[in-house]
1. Which pairs turn up if I take residues in the range 136-148 that are of a type in the set (Gly, Ala, Ser) and look for partners that are in a strand (DSSP E or B) and open to solvent by less than 20 Å² (accessible area, probe 1.4 Å) with beta carbon separation below 8 Å, at least 6 apart in sequence or on another chain?
2. Residues of the range 8-38 being small (Gly, Ala, Ser), out of contact with any Cys (no Cβ under 9 Å at 6 or more places or on another chain) and not in a strand (DSSP E or B), which ones?
3. I need the full set of residues from the range 47-56 which are open to solvent by 50 Å² or more (accessible area, probe 1.4 Å) and farther than 13 Å from Lys126 by Cβ, in order please.
4. In the range 54-73, how many residues are among the basic types (Lys, Arg) and touching a Gly at 6+ places or on another chain (Cβ under 8 Å)?
5. How many residues does the range 127-168 hold that are outside any strand (DSSP E or B) and either acidic (Asp, Glu) or open to solvent by 30 Å² or more (accessible area, probe 1.4 Å) (or both)?
6. For the range 51-64, which positions are under 13 Å from Gly39 (Cβ atoms) and assigned to a loop (DSSP other than H, G, I, E, B)?
7. Looking at Asp71, Asp67 in this structure, which one is within 21 Å of Asp125 (Cβ to Cβ) and assigned to a strand (DSSP E or B)?
8. Take the range 70-96 and flag every residue that is under 15 Å from the mean Cα position of the chain (by Cα) and either modelled with pLDDT of 90 or more or within 18 Å of Gln34 (Cα to Cα) (or both).
Amino acid sequence: EMCIRDRMISNDDSVSFGIQALLHSYIAVPAVDQISLDGYCGCQYLDKLLPSSEGTQKEESALVTIDREVDRIYLYSDSSSTIKVNQLEDLLHILQVSHAAHSSKQHHPNNKIQNDCVLWNPWVDKCRSIADLEDEAYLQYVCVEPGIVSSVYNIEPSETVVLEQCLK
């Protein structure tokens with residue numbers, strides 16, 4: 001198990017301010033069009049590829065697959081998902097991804113903050129337009145990025161916010 005614990009922001013000031021933060025995790029996979037992700041069924045999400053007037057969507061699929069550009073913010077998502085590789089009729093579990101956001105303040109239950117999870121893959125055209133990626137790089141990764149992005153979190157004086165992601 002590998003945990004990324006990243007103290008994102010500490011407020012050492014005497015006034016509150018708003019923050020948004022995201023851990024950008026590019027997770028290598030054998031072939032992105034042969035994976036599926038669970039843990040999102042029933043979650044509300046913002047599809048960043050649709051006009052904002054479309055509002056939130058609800059994930060109806062038990063397994064999310066990637067066969068085109070994906071840029072979604074799963075709102076206040078569950079704390080974990082599993083990336084699976086499809087091998088003919090079998091699903092091989094390759095990675096459990098869990099995430100959390102914590103506050104040093106005691107006014108949050110268990111010091112947890114509601115956090116989002118971004119699911120992203122640029123697919124063909126956008127990948128070719130990203131200078132530091134090879135043209136076919138999109139086939140070899142998926143981004144599962146926990147954070148606080150759908151709204152602004154108000155961080156109080158002497159509060160520290162920590163984002164964490166564990167891969168096993």
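1. Gly147/Ala21; Gly147/Ala101; Gly147/Asp116; Gly147/Cys117; Gly147/Val118; Gly147/Leu163
2. Restricting attention to the range 8-38, the residues satisfying the condition of being small (Gly, Ala, Ser) are 10, 14, 16, 18, 21, 25, 28, 31, 36.
Still in the list and also out of contact with any Cys (no Cβ under 9 Å at 6 or more places or on another chain): 10, 14, 16, 18, 21, 28, 31, 36.
Residues satisfying the conditions are Ser14, Ser16, Ala31.
3. Applying the first criterion (open to solvent by 50 Å² or more (accessible area, probe 1.4 Å)) to the range 47-56 yields 48-54, 56.
Across the range 47-56, the qualifying residues are Leu50, Pro51, Ser52, Ser53, Glu54, Thr56.
4. Let us first name the residues in the range 54-73 that are among the basic types (Lys, Arg), namely 58, 68, 72.
When the remaining residues are screened for being touching a Gly at 6+ places or on another chain (Cβ under 8 Å), the result is 58.
Total meeting the criteria: 1.
5. Looking only at the range 127-168, we keep the residues that are outside any strand (DSSP E or B), and these are 127-140, 156-159, 168.
Next, from what is left, pick out any that are either acidic (Asp, Glu) or open to solvent by 30 Å² or more (accessible area, probe 1.4 Å) (or both): 128-136, 139-140, 156-159, 168.
Final tally of qualifying residues: 16.
6. Just the residues of the range 51-64 that are under 13 Å from Gly39 (Cβ atoms), to begin with: 59, 61-64.
If the condition is that a residue be under 13 Å from Gly39 (Cβ atoms) and assigned to a loop (DSSP other than H, G, I, E, B), then Glu59, Ser61, Ala62, Leu63 are the ones that fit.
7. Working: Asp67 fails: assigned to a strand (DSSP E or B).
On inspection, the qualifying residue turns out to be Asp71.
8. Pass one, the range 70-96, residues under 15 Å from the mean Cα position of the chain (by Cα): 70-83, 95-96.
Once the filter is applied, which keeps residues that are under 15 Å from the mean Cα position of the chain (by Cα) and either modelled with pLDDT of 90 or more or within 18 Å of Gln34 (Cα to Cα) (or both), the range 70-96 yields Val70, Asp71, Arg72, Ile73, Tyr74, Leu75, Ser81, Thr82, Ile83, Leu95, Gln96.
The values are calculated or read from the model by the stated rules, or taken from the named source; none is laboratory data. Here the structure is a predicted model, which means the values were calculated and not measured. Don't worry about glycine lacking a Cβ; one is built from the backbone with ideal geometry, like all the others, and counts go over all protein chains shown. Calculation scope for accessible area: heavy atoms of the full protein, side chains included, ligands and nucleic acids excluded. Shrake-Rupley method; radii C 1.70, N 1.55, O 1.52, S 1.80 Å.
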